[in-house]
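Participant: A single structure is presented below for examination.
None of the figures in this text is laboratory data; all of them are computed from the coordinates on show. Computed from a predicted structure; not experimentally measured. For neighbour counting, all protein chains shown are included, and Cβ atoms are generated from backbone atoms with ideal geometry for every residue, glycine included.
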Amino acid sequence: MVKGKDNSLLVEFEFVIDLDLAMFKFIRDNYFSSNIVNHKFLSVRDEREVIFNMLNRSHINPLEYLIPDQNTTDLYWDLLNDPDNFSNLLSYASAYDTFGLMITFLKEASSVSIDILCRNKIESDYIHKLNPEIHTIIANRYDINLADYTALYVKYYPYLSNYNKINGKHIYVPAARFNMEPEQDYVSTKLVSNYGDTNEIHLIDLYKKVKYRYLKKIPLKEEE
C-alpha cells in the first residue's frame with residue numbers, strides 16, 4: 001500500500017480499456033468480406049446494441065461471437081500478444097466509464113492510490129496518453145504482491161487464479177454474462193466459493209449508458 005493511503009487499488013488494463021468493442025470494429029473493418037464472420041452482428045450500427053451483446057456473451061474471447069463456428073483462440077491471442085497487431089487493435093479502442101471512475105477517485109479521494117496493471121509497455125503508454133498522471137505497472141499477475149493493495153479490479157474472474165494469496169480484498173468484477181453462472185442470472189458460484197469466504201466480492205458496471213440486465217438477486221455469499 002502506498003504510504004499515507006488507506007485504499008490502494010490494483011486495476012487491470014482490460015477493466016478500464018474496452019478491447020471488446022475494439023475487436024468488433026477491427027473485425028468489421030478488416031474481415032467483413034469473409035464468409036465466416038457474423039455479418040448480421042457486424043452490420044449493427046447502434047453502438048449501444050453492440051455493447052449490450054458483448055456484455056451478454058458467455059465467453060471471454062469475443063471473437064467466438066464475431067466469428068462463430070470457428071476456432072478463434074489463436075487469432076485472439078495473436079491480436080493481444082503480437083506487438084504490431086495489438087497496436088493496431090488499440091487504434092480502435094476507447095476507455096470504459098470505469099476509467100473515468102478511477103480519475104474521479106484520484107481527484108476527489110485523497111486516501112486512494114491506483115495502479116493500472118499492464119502486460120507490456122504498449123498498454124502502459126496507451127494509459128499515459130489518456131492521462132499521464134495515472135500510475136501504471138508492467139508485470140505478470142503472479143508477480144504482484146497483493147499485500148500492497150486493498151482492492152482488485154479484474155474483468156474476467158477466472159484470471160483471479162493467476163494471482164497469489166488473494167485474502168482480505170475487495171474484488172470487483174464487471175456485471176456481465178461472462179462472469180455469471182452458466183444459464184443463470186447470478187454471479188459465478190466458482191467465484192463465490194473460491195474467493196467469497198475471505199474477500200468481499202462486488203459487481204460493477206463497465207458503462208453508464210449500457211448495463212447488463214440480470215434478473216435475480218445476486219448471491220455474493222453462499223447460503224448457510
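Participant: Taking 35 Å as R0, compute the FRET efficiency from the Cβ-Cβ separation of D84 and R45 and round it to 0.05.
Facilitator: Result of the calculation: an efficiency of 0.75.
Participant: Using 7 Å Cα-to-Cβ label points, what is the N140/K209 separation (nm, one decimal)?
Facilitator: Simple spin-label model gives 3.9 nm for this pair.
Participant: Between E108 and N167, what length in nm is gained on full extension when 0.36 nm per residue of separation is reduced by their alpha carbon distance?
Facilitator: Here the segment from E108 to N167 would lengthen by 18.5 nm.
Participant: Rounded to the nearest 0.05, what FRET efficiency is calculated for H59 and A147 with R0 set to 35 Å and r the Cβ-Cβ distance?
Facilitator: With a Förster radius of 35 Å, E is 0.60.
Participant: Which links in K40/K121; K121/K208; K40/K169 stretch past 32 Å when you go from one Cα to the other?
Facilitator: K40/K121; K40/K169
Participant: So if I place +1 on the C-beta of Lys and Arg and -1 on the C-beta of Asp and Glu, and nothing else carries charge, what would the dipole magnitude of the chain be about its Cα centre? I want it in debye, nearest 20.
Facilitator: 440 debye
Participant: In whole Hz, with x marking every Gly and Pro, tabulate ³J(HN,Hα) for the range 201-209 from phi via Karplus 6.51 cos²θ - 1.76 cosθ + 1.60, θ = phi - 60°.
Facilitator: Once θ is set to phi - 60°, the couplings for the range 201-209 become 9, 10, 9, 9, 7, 7, 10, 7, 8 Hz.
Participant: Moving to a separate point now. Putting +1 on Lys and Arg Cβ atoms and -1 on Asp and Glu Cβ atoms, find which of P68, V50, N85 reaches farthest to the positive end of the dipole of the range 18-94.
Facilitator: Of the listed residues, the answer is V50.
Participant: Still on this structure, I have one more. Enumerate the whole-percent occupancy of each 10 Å bin, from 0 to the last occupied one, for all C-alpha pair distances of the chain.
Facilitator: P(r) over the chain, rounded to whole percents: 7, 31, 37, 20, 4, 0.
Participant: Going by how many other Cβ atoms sit within 10 Å of their own, how do K40, K208 line up, fewest first?
Facilitator: Ordered from fewest to most neighbouring Cβ atoms within 10 Å, K40, K208 come out as K40, K208.
Participant: Rounded to the nearest 5, what % of the DSSP beta bridges within the chain are antiparallel ones? Could you put the intermediate results ahead of the total?
Facilitator: Values: 3 of 24 bridges.
Antiparallel bridges make up about 10 percent of those DSSP assigns within the chain.
Participant: Please compute the contact order of the range 1-75 in relative form: average sequence separation of alpha-carbon pairs under 8 Å and at least six residues apart, divided by the residue count, as a percent.
Facilitator: Values: 38 pairs, mean separation 21.7, N = 75.
That works out to 29 percent.
Participant: Calculate, in whole percent, how much of the Cα-Cα pair population of the range 105-171 lies beyond 17 Å.
Facilitator: 47 percent
Participant: Report, largest value first, the span of the C-alpha coordinates of the range 45-97 along each principal axis, in whole Å.
Facilitator: 29, 28, 18
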